[in-house]
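Colleague: Submitted below is the structure of interest, expressed as structure tokens.
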Amino acid sequence: MEAQVQSQLHKAQSPVPLLAVEDLHVRFETSRGTVRAVEGVSYSVNRGEVVAVVGESGCGKSVSALTIMRLLAKSGRVTGGRILLEGRNLLELSDEEMRAVRGHEISMIFQEPMTSLNPVLPIGMQIMEPLLIHLKMSEQDAQARALELMQQVGITDGERRLSQYPHQLSGGMRQRVMIAIGLACKPKLIIADEPTTALDVTIQAQILELMKNLSRELGIALIIITHNLGIVARYADRVNVMYAANIIEKGTADDIFLKPAHPYTNGLMHSVPRLDEPRGTKLQTIEGLPPDLRMPPQGCRFAPRCPHRLEKCEQPISLIDLGKGHEARCHRVDEISTGKLKVEFPSGGASGAQSQIGSTPILEVKGLKKYFGVKAAGAGFFSSEMATVRAVDDVSFSIAQGETLGLVGESGCGKTTVGRVVLRLDE
């Protein structure tokens, strides 16, 4: 038993990573100029590891993932670097060779399953497709494997679901189907691009726990692309922080959350609401906007927004090694890591919003009800048998001037219908 554990540890610590992205450069030719979407990005993923890539919208997270899959738009081109999967450079493979890799060795889960799934194909056929193409299974074996996968990702009543279409499933179910498709051929690596953005918080937790557990059980490596720092803290082994097409910091999840060494990473950490802070406390904000990637700054790309910038920040800088795989791209990294420089961004104290709330309600909702007539379950195509859906049933609330009211709940609980009825968009 001990020998087995040692063997597994040796494999996990193997110097040859499953995936290595080396000095990747990607550009897009547009009518307004050349966009440098990814500049000098390098990172690796080991077998069975969960690596997160985080950053603002437009920083290059998704482009780097699409480049790994060789799914760039026609206007995009790789201008430098290598992407090695177990030593093979994916950028040198022919289109036919790359098609054999996609779905078989590397799978991708996109952020919106409703637009990623084919609306005119049954769920079962979409799960079976990679099995029929890559593994050359018979239709009977592929269907059996599809049922097994649906059970594995927590979809009940699999036989009935196989014949259903995407629009007949909830958002959480559709995302589970996407995961099932990704797992179909037992890939070595799954890239999940914002896999839970469109889902309710409760469903998000279920999907992420499922992906983490499957990674552990099956030894599949995961790249999670996200802007959600909560996901990173809970599920990632290592983290790459991207800003304006560069990786500006990388390290273990503990390094990034407990010892951030780049001002931008510090800013991200302090912009997250905390439950242990007083209500009305303003968050720290990072002023300004990311640079135009058609004309990025020559030096540190975060310098125009950094409250601690120096003259030398206008000079180019590479990632600085802080030890044990922790690296940061900042001229003041030594001061930050030793605590000599405390990174602070503009923020306010308590906003005092409570004192500005009026005493008279400007909106009162009392006993609101909204029912919809739908065709009864099991009714035939020509049947006129109807059933009633109680979308909103006896809802009451009031809002005073200057007050913020949160209306929360899972999909289908009636939140949107309440708003539409209040605005008389639904009578």
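Nothing in this text is a laboratory measurement; each read-out follows from the coordinates by a stated rule. Note that the structure is a prediction, hence the values are computed from the model and not measured. Note: ideal-geometry Cβ built from the backbone for every residue, glycine included; neighbour counts use all protein chains shown.
Colleague: Can you give the charge dipole size of the stretch 127-251 about its Cα centre, rounded to the nearest 20 debye, using +1 on the beta carbon of Lys and Arg and -1 on the beta carbon of Asp and Glu?
Modeller: 220 debye
Colleague: Under a point spin-label approximation (7 Å from Cα along Cα-to-Cβ), what is the Val365-Asp292 distance to one decimal in nm?
Modeller: In this crude spin-label approximation the distance works out to 4.4 nm.
Colleague: Could you give the dipole magnitude of the stretch 17-236 about its Cα centre, charging the beta-carbon of Lys and Arg +1 and that of Asp and Glu -1, in debye to the nearest 20?
Modeller: 180 debye
Colleague: Label point 7 Å out from Thr115 along Cα-to-Cβ: which residues of the stretch 191-210 have amide N under 18 Å?
Modeller: Flagged as within label range: 192-200.
Colleague: Using a Förster distance of 25 Å, how high is the FRET efficiency between Arg82 and Asp321, based on the Cβ-Cβ distance and rounded to 0.05?
Modeller: 0.75
Colleague: For the residue pair Ala400 and Ser163, what label-to-label distance in nm results when each label sits 7 Å from Cα along the Cα-to-beta-carbon direction?
Modeller: 5.8 nm
Colleague: Follow-up. What order do you get for Glu385, Glu427, Glu314, Glu194 when you list them from fewest to most C-beta neighbours inside 10 Å?
Modeller: The fewest-first ordering by Cβ neighbours comes to Glu427, Glu385, Glu314, Glu194.
Colleague: At q = 0.10, 0.13, 0.17, 0.19 Å⁻¹, what base-10 log of I(q)/I(0) does the Debye formula yield for the stretch 1-142 when every alpha carbon is treated as an equal point scatterer in vacuo?
Modeller: -0.47, -0.76, -1.13, -1.25
Colleague: Taking Cα pairs under 8 Å and at least six residues apart, what relative contact order does the chain come out at, in percent?
Modeller: Relative contact order for the chain comes out at 14 percent.
Colleague: Hey, any idea what Rg/Rh is for the chain, computing Rh the Kirkwood way over Cα pairs?
Modeller: Over the Cα atoms of the chain, Rg/Rh equals 1.01.
Colleague: Taking the stretch 17-236 as the region of interest, what is the percent of Cα-Cα pairs per 10 angstrom bin, listed from the shortest bin to the one with the maximum distance?
Modeller: Distribution as computed: 8, 33, 36, 20, 3, 0 percent.
Colleague: What is the mean projected area of the alpha carbon convex hull for the stretch 246-353, to one decimal in square nanometres?
Modeller: 7.9 nm²
Colleague: Related question: Would you work out which of Gly323, Thr285, Pro260 lies farthest towards the positive end of the dipole of the stretch 246-353, given +1 charges on the beta-carbon of Lys and Arg and -1 on that of Asp and Glu, about the Cα centre?
Modeller: Final value for the positive-end residue is Thr285.
Colleague: Compute, for the chain, the length of the dipole vector about the Cα centre, with Cβ point charges of +1 (Lys, Arg) and -1 (Asp, Glu) only. Units Debye, rounded to 20.
Modeller: Dipole magnitude for the chain comes out near 440 debye.
Colleague: Can you pull the three principal axis extents for the Cα set of the stretch 57-96, in Å, largest first?
Modeller: Per principal axis, max minus min of the Cα coordinates gives 31, 20, 17 Å.
Colleague: Report the one residue of His134, Gly251, Leu18 whose Cα lies farthest in the direction of the positive end of the charge dipole of the chain (charges on C-beta: Lys and Arg +1, Asp and Glu -1; origin at the Cα centre).
Modeller: The one lying farthest along the dipole's positive direction is Gly251.
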